[in-house]
Amino acid sequence: MGCYMTWTLLLFGWSLSSCSQFPPRQYFYINKNMTWFQAQNYCRQHYTDLATFESHDDISMLEPTFSYSSAWIGLFDDPKSWKENLGNDHNSWRWSVTGETGKTNFSTWASREPSFWNAQEACVFMNTYGTWVDTACTTTLTFVCYTVTYQREKVYHFIPTMKSWNSAQQYCRENFIELAMIENAEENAKVFSKIGGQTSWIGLYQVPWTWSDRSHSSFKNWIDGEPTNSYLTEHCVSEQWPHHKWNDAPCSMMWPFICHQVTRLKTTVGMQIKTDADLTDQAVIEQILQQISTRLTHLGWTDFKLEWKTLPSNQTYT
């Protein structure tokens, strides 16, 4: 028989990516010349972080007294996350079938790859040598899909039709499982044997640029023609006054910057659960909190802390 227990969930401070006005951000212009990473450290010490923007409404909150040619904001594309291996950061390389890194972290990049040339190369193909190269996802190439046998062995299918990466992904999802996922040298050799000297899409991709505060905001406000990643060194983003358009630049540039402060809030959510589990067991409690945390993260909540508080048996919330 299941038992009922009423409990209270306390949430301390959060950010909702779906609503840039709650909680409100305050923006602060810091007229000190620093590198991007120095500015990040300063903002984290004195405010919340380097500025995150989720909409034009956020940009309109910048004070008209802010005056600068260039000022750092919190957007950057750390090459440590994607240059040499399959990492676990927001802008790391991912396999399209899972949206996550492979279990083995296997990779076989061509020399000087990946490069993120012209700040456009976010999809990966296998070249005629069997190694991997990043290029613009709009490029049209042949591609390789895969299925899985009952023995959980991947079977690769070469498709000679020329498509962009996204169109190839759609084709694979409709007719097979996905674009090719490759997790070891043996699988890489199998794909190479299928492409017959063609350059062909595989299922590896990345979503460039991430915010310093790990916000999931997808809002961008680039200057026309930007970003460019000129000389493969432009990994941090500045805002240009007075139109508030963005440009990528070397992180070592010495510029003023914009911080933001998020108002910390606390709320109580009353919930009632029917379960056979022992809700006095700390391991059970931690498991439930982890499930709630995962769900809130998927909904776009960030920077929150959960606290479990059991109410007296004669006290409930209505």
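Go through Met254, Met181 and list them by solvent-accessible area, largest first, probe radius 1.4 Å.
Putting Met254, Met181 in descending order of accessible area: Met254, Met181.
Efficiency by 1/(1 + (r/R0)^6): what FRET value for Gln287 and Gln170, r their Cβ-Cβ distance, R0 = 35 Å, to the nearest 0.05?
Computed FRET efficiency for Gln287 and Gln170: 0.40.
On a straight-distance basis, which aspartates and glutamates could pair with Lys245 in a cross-link, Cα separation under 19 angstrom, same-chain partners fewer than 8 positions away excluded?
Reachable aspartates and glutamates: Glu54, Asp57, Asp58, Glu63, Asp77, Asp224, Glu226, Glu234.
Between Ser252 and Leu279, what is the label-point separation in nm under the 7 Å Cα-to-beta-carbon projection?
5.8 nm
Roughly speaking, what % of Cα-Cα pairs in region 46-125 are separated by over 20 Å, rounded to a whole number? Mind dumping the intermediate values first?
Numbers: 1610 of 3160 pairs.
Pairs farther apart than 20 Å: 51 percent.
Whole number in Å², please: accessible area per residue of region 98-165, 1.4 Å probe, ligands, DNA and RNA not counted.
In whole numbers, region 98-165 has 53 Å² accessible per residue.
Sorted by average packing, counted as other Cβ atoms within 10 angstrom per residue and highest first, what order do 104-113, 126-135 take? Please list the in-between numbers first.
Values: 104-113: 14.2, 126-135: 18.1.
Those peptides, ordered most packed to least, come out 126-135, 104-113.
Using a 1.4 Å probe on the protein chains only, how many percent of the accessible area of region 112-215 belongs to carbon and sulfur?
Taking all protein chains in place, region 112-215 shows 50 percent carbon and sulfur surface.
Taking 0.36 nm per intervening residue step and subtracting the Cα-Cα distance, what contour gain separates Asn184 from Lys220 on full extension?
Working: separation 36, 0.36 × 36 = 12.96 nm, distance 3.58 nm.
So the chain would gain 9.4 nm between Asn184 and Lys220.
Net charge within 11 Å of Cys236 by Cβ-Cβ distance, Lys/Arg positive one each and Asp/Glu negative one each, not counting Cys236 itself? Don't skip to the answer; put the middle values down first.
On the way: positive: none; negative: Asp77, Asp78, Glu234, Asp248.
Result for the local shell: -4.
Just subtract the alpha-carbon distance of His56 and Thr138 from 0.36 nm times their residue separation and send over the number in nm, one decimal. Show your work: numbers first, answer last.
Working: separation 82, 0.36 × 82 = 29.52 nm, distance 2.74 nm.
The His56-Thr138 span can extend by a further 26.8 nm.
Under 5 Å between amide H atoms, partner at least 5 residues away or on a different chain: which partners does Phe257 have, H built in plane at 1.01 Å?
Under 5 Å from the amide H of Phe257 lie the amide H atoms of Ile30, Lys32, Trp72, each far enough along the sequence or on another chain.
Check Asp49: other-chain or 5+ apart residues with amide H under 5 Å from its amide H, H built from backbone geometry?
Close amide H contacts, sequence-distant or interchain: His260.
The values are calculated or read from the model by the stated rules, or taken from the named source; none is laboratory data. Please read these numbers as outputs of a predicted model, since none were measured by experiment. Cβ atoms come from the backbone with ideal geometry, glycine included; neighbour counts cover every protein chain shown. These accessible areas exclude ligands, DNA and RNA; they are computed on the full protein's heavy atoms, side chains included. Shrake-Rupley method; radii C 1.70, N 1.55, O 1.52, S 1.80 Å.
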